[in-house]
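Okay, so here's the structure we're looking at.
The values are calculated or read from the model by the stated rules, or taken from the named source; none is laboratory data. Computed from a predicted structure; not experimentally measured. Cβ coordinates were reconstructed from backbone atoms using ideal geometry, including for glycine residues, and neighbour counts include every protein chain displayed.
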Amino acid sequence: MSSRTKHLLMAGVVALVLATGACGGNASSAADDKEIKIGAWYPLTGAVAASGVPQHAGADAYFKMINDKGGINGRKVNWIVKDNAFDPQQTVQIARELVGQEKVVAIVAANGTAQGEATFPFVLQQSKVPILNELGGAATWYTPPRPGLFGVQTLYEDQAAALAAWVAEDGAKKVLVVHSDPAAFVNVAKQVAPVLQKAGPGASAELLSVKFQSTDYSPVIAQVKAKKPDAIILILASPEAAAFLKEAKLQGLSVPAYGYAPTAAASTLTLAGDAAEGFRAVQLVRSPNDSDPSVAEFRDAMAKYAPKQQADFIALWGWTAAKVFVQIAQTVQGPITSQSLVAAYEKAGNIDPGVAPVMSFSADKHLGTRAVQKVVVKGGKFESQGDFYTPPDR
């Protein structure tokens, strides 16, 4: 090869490298100037779609509202959502697509404990992309805090502690905790007794296990009546809680019933009908029926951006996760990157979404809140009782 040919070849390579670098730099700069690309996974099909669809609709409505108002500091939110059918393996593949192909700077307001956890090695550890405000979670996610993982959902264990404090406050001494049989439900149910016992002498909690997804609660109610509790706590899915309430009314069981957040759902009211009247539960957010301006904003946005979706608790969960992200992202000065978002979360104090508890994060505290809201069914609707409160330590 002649020296002239070598020179021309080298010049071509240098020009190509420079052109590629310039193109990549411009593309990155343009994307940062115009949009913030984030992603999420949801069960939009399958058995858990009843939860995934409304949660997605709530978050999507908030992002659309923000974009119509100019976005986040002038940048539009490009929220890329993929259906994982609530399957951890599919979620891992989706995570690779979102991070590797779509180049999202964060996973935001996604859904699922096992599903999210399956992605941690690739997303959090290998790619250093944060996972922010995922619905679900466990105490091990936040103790100790994991780099890049931040949450806004009060843990189920703390919800159980809040219920224990509530029944004790109402004077209950003999409490029966009716729970589904999978280990995750059992663990939550076990959190009631320690708090109840601390609340006063003579208080006790007994567990009653029910096969997961049971539809016939006739024998269960018979067992409950035989135990003669003065309060019942339900750690069940919404359809099962509704089945319990219906059968309890049918058999004349009038003991007050309390439930953790998944039981406080529109589906519980629909399935249980008037048997749900008086049912008490803790929630992650205010009742979507409240007159509070922040809740009214949610209802208005749902009517505009998701008119076919009911503005219920689950939609409000998604709305909250999206809103907290936007409030924190708005504090970033300069480019929105994975690193700048993590830094912003680590110093985000007193984030008030209005519809949910005030949240604070730090480098040592990655779960924004432990607080819950009391809600009670009155006139066929859930109504908020009082304000958000933090349950006692377990």
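Quick check on region 89-114: of everything there that is of a type in the set (D, E, K, R) and touching a helix residue (DSSP H, G or I) at 6+ places or on another chain (Cβ under 9 Å), which residue is farthest from Val326 (Cα to Cα)?
So the first thing to find is which residues in region 89-114 are of a type in the set (D, E, K, R), and the list is 96-97, 102-103.
Narrowing the set further to residues that are touching a helix residue (DSSP H, G or I) at 6+ places or on another chain (Cβ under 9 Å) leaves 96, 103.
Values: Arg96: 24, Lys103: 19 Å.
In this case the residue turns out to be Arg96.
When region 161-205 is examined, which residues are found to be of a type in the set (Gly, Ala, Ser), within 30 Å of Gly116 (Cβ to Cβ) and either assigned by TED's automatic domain parsing to the domain that holds Asn111 or surrounded by fewer than 18 Cβ atoms within 10 Å (Cβ to Cβ) (or both)?
Hits for region 161-205 are Ala183, Ala184.
Here's the yes/no breakdown for (1) among the aromatic types (Phe, Trp, Tyr); (2) in contact (Cβ under 8 Å) with a residue 60 or more places away in the chain; (3) farther than 17 Å from Leu155 by Cβ; (4) not assigned by TED's automatic domain parsing to the domain that holds Val105:
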{"residue": "Ala306", "(1), (2), (3), (4)": "no, yes, yes, no"}
{"residue": "Ile314", "(1), (2), (3), (4)": "no, yes, yes, no"}
{"residue": "Val326", "(1), (2), (3), (4)": "no, yes, yes, no"}
{"residue": "Gln330", "(1), (2), (3), (4)": "no, yes, yes, no"}
{"residue": "Ala344", "(1), (2), (3), (4)": "no, no, yes, no"}
{"residue": "Pro353", "(1), (2), (3), (4)": "no, no, yes, no"}
{"residue": "Arg394", "(1), (2), (3), (4)": "no, yes, no, yes"}
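Could you go through region 33-44 and let me know if any residue there is touching a residue at least 40 places away in the same chain (Cβ under 8 Å), of a type in the set (A, V, I, L, M, F, W, C), part of a strand (DSSP E or B) and farther than 21 Å from Glu117 by Cα.
Checking region 33-44: at least one residue is touching a residue at least 40 places away in the same chain (Cβ under 8 Å), of a type in the set (A, V, I, L, M, F, W, C), part of a strand (DSSP E or B) and farther than 21 Å from Glu117 by Cα.
Considering only region 36-78, state which residues are crowded, with 24+ Cβ neighbours inside 10 Å and farther than 16 Å from Ala315 by Cα.
Listed by number, the residues that qualify are Ile36, Ile38, Gly39.
Report whether or not Val123 is assigned to a helix (DSSP H, G or I), in contact (Cβ under 8 Å) with a residue 60 or more places away in the chain, out of contact with any Pro (no Cβ under 6 Å at 6 or more places or on another chain) and more than 23 Å from Pro353 (Cβ to Cβ).
Working: assigned to a helix (DSSP H, G or I): yes; in contact (Cβ under 8 Å) with a residue 60 or more places away in the chain: no; out of contact with any Pro (no Cβ under 6 Å at 6 or more places or on another chain): yes; more than 23 Å from Pro353 (Cβ to Cβ): yes.
Considered against the rule, which asks whether it is assigned to a helix (DSSP H, G or I), in contact (Cβ under 8 Å) with a residue 60 or more places away in the chain, out of contact with any Pro (no Cβ under 6 Å at 6 or more places or on another chain) and more than 23 Å from Pro353 (Cβ to Cβ), Val123 comes out as no.
Condition first: touching an Asp or Glu at 6+ places or on another chain (Cβ under 8 Å) and either surrounded by fewer than 17 Cβ atoms within 10 Å (Cβ to Cβ) or of a type in the set (A, V, I, L, M, F, W, C) (or both). Now tell me which residues in region 95-137 satisfy that.
Ile107, Ala109, Ala110
Note down all Cβ pairs under 8 Å where the first residue falls in region 213-235 and is touching a residue at least 12 places away in the same chain (Cβ under 8 Å), the second is among the basic types (Lys, Arg) and in a loop (DSSP other than H, G, I, E, B), and they're at least six residues apart or on different chains.
Asp230/Lys173
Against the condition outside the structural domain of Val81 (by TED's automatic domain parsing) and in contact (Cβ under 8 Å) with a residue 12 or more places away in the chain, how does Lys128 come out, does it pass?
Working: outside the structural domain of Val81 (by TED's automatic domain parsing): no; in contact (Cβ under 8 Å) with a residue 12 or more places away in the chain: yes.
No; evaluated as a whole, the condition is false for this residue.
Return the residues of region 357-375 that are touching a Gly at 6+ places or on another chain (Cβ under 7 Å) and outside any loop (DSSP other than H, G, I, E, B); say none if nothing qualifies. Can you show your working first?
First, pick out the residues of region 357-375 that are touching a Gly at 6+ places or on another chain (Cβ under 7 Å): 359-361, 366-368, 374.
Result: Met359, Leu367, Lys374.
Can you tell me which residue among Ala114, Ala138 is at pLDDT below 95, assigned by TED's automatic domain parsing to the domain that holds Tyr345 and over 24 Å from Val358 (Cα atoms)?
Values: Ala138 fails: over 24 Å from Val358 (Cα atoms).
So the residue among Ala114, Ala138 that is at pLDDT below 95, assigned by TED's automatic domain parsing to the domain that holds Tyr345 and over 24 Å from Val358 (Cα atoms) is Ala114.
For region 48-59, indicate whether the set of residues that are among the hydroxyl-bearing types (Ser, Thr, Tyr), at pLDDT below 95 and not assigned by TED's automatic domain parsing to the domain that holds Ala237 is non-empty. Before you say what the answer is, go through the steps one by one.
Within region 48-59, the first condition is being among the hydroxyl-bearing types (Ser, Thr, Tyr), and the residues that meet it are 51.
Filter again for at pLDDT below 95, leaving 51.
Filter once more, so that each one left must be not assigned by TED's automatic domain parsing to the domain that holds Ala237: 51.
Yes, there is a match, as at least one residue in region 48-59 is among the hydroxyl-bearing types (Ser, Thr, Tyr), at pLDDT below 95 and not assigned by TED's automatic domain parsing to the domain that holds Ala237.
Which one of these is under 16 Å from Ala189 (Cα atoms) and either of a type in the set (A, V, I, L, M, F, W, C) or in the same structural domain as Leu316 (by TED's automatic domain parsing) (or both): Ala272, Ala261, Ala226, Ala265? Quick ask: steps written out before the conclusion?
Working: Ala272 fails: under 16 Å from Ala189 (Cα atoms); Ala226 fails: under 16 Å from Ala189 (Cα atoms); Ala265 fails: under 16 Å from Ala189 (Cα atoms).
Answer to the check: Ala261.
Residues checked against (1) exposed (fewer than 13 other Cβ atoms within 10 Å of the Cβ); (2) aliphatic (A, V, I, L, M):
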{"residue": "Leu207", "(1), (2)": "no, yes"}
{"residue": "Thr215", "(1), (2)": "yes, no"}
{"residue": "Ala226", "(1), (2)": "yes, yes"}
{"residue": "Pro229", "(1), (2)": "no, no"}
{"residue": "Ile232", "(1), (2)": "no, yes"}
{"residue": "Ile235", "(1), (2)": "no, yes"}
{"residue": "Ser238", "(1), (2)": "no, no"}
{"residue": "Phe244", "(1), (2)": "no, no"}
{"residue": "Glu247", "(1), (2)": "no, no"}
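Checking the condition under 18 Å from the mean Cα position of the chain (by Cα), surrounded by fewer than 23 Cβ atoms within 10 Å (Cβ to Cβ) and farther than 30 Å from Ala231 by Cβ, which residue from Ser360, Ser294, Ser338 passes?
Criteria check complete, one pass: Ser360.
Could you grab me the full set of residues in region 263-283 that are of a type in the set (A, V, I, L, M), surrounded by fewer than 24 Cβ atoms within 10 Å (Cβ to Cβ) and under 19 Å from the mean Cα position of the chain (by Cα)?
Hit for region 263-283 is Ala266, nothing else.
Of all the helices (runs of 4 or more DSSP H) wholly in region 135-239, which have at least 1 residues that are under 30 Å from Ala59 (Cα atoms)? Steps first, please.
Details: elements: 139-142, 156-169, 183-189, 192-199, 218-227.
Because the criterion is at least 1 residues that are under 30 Å from Ala59 (Cα atoms), the helices (runs of 4 or more DSSP H) in region 135-239 that meet it are 139-142, 156-169, 183-189.
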